[in-house]
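Down below is the structure, laid out as structure tokens.
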Amino acid sequence: MSINSIVETLLMISETIQYSLLYSVIGTPLAYYNNKIFPIKSDKKRYSLIFWECVLHVVSLSLLFLLLKYIVQKVPFILHPFTKGLYIPYKSEEYAASVSAYIFFFYLQVNLTDKLTYLGNELFRGDINWLKLII
């Protein structure tokens, strides 16, 4: 292994770390407040209302994650000025960081997971049918 390949590998790792940190620092408050704006699960609501709340919650989550990804991609690689042509930024692709961030983003949606668990349990017990969810 040459020195250039070692330096390139270290720069690729540092780029991935930068993206992971940006996704975490910017994404955590976005996910937290997205969860707070949606109501908590209530057994008194109709199944269809809970279902449509879940649909809206997932749509808002997806839009916020697209916004997060857009913001993170606009931030340049912090070590790029020091590479002197040894490394081309965005070569590592931050997809691994974005996938793990999306899982973390979804994990913070406690209200959504509570509702999905409730609806899933009701469906599998046979208390409701699929048609009641939509209407």
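The values are calculated or read from the model by the stated rules, or taken from the named source; none is laboratory data. Keep in mind that this is a model prediction, so the values were computed, not measured. Here the Cβ is made from the backbone with ideal geometry for all residues, glycine too, and neighbour counts use every protein chain on show.
Things worth noting here:
- Residue in the stretch 23-43 that is within 19 Å of residue 113 (Cβ to Cβ) and either modelled with pLDDT under 85 or in contact with a Lys or Arg (Cβ under 7 Å, 6 or more places away or on another chain) (or both) present: yes
- Flag if residue 50 is modelled with pLDDT of 85 or more and surrounded by 13 or more Cβ atoms within 10 Å (Cβ to Cβ): yes
- Tally, over the stretch 37-63, of residues that are in contact (Cβ under 8 Å) with a residue 40 or more places away in the chain, out of contact with any Asp or Glu (no Cβ under 6 Å at 6 or more places or on another chain) and either part of a helix (DSSP H, G or I) or of a type in the set (Lys, Arg) (or both): 9
- Residue 15 being charged (D, E, K, R), modelled with pLDDT of 85 or more and in a helix (DSSP H, G or I): no
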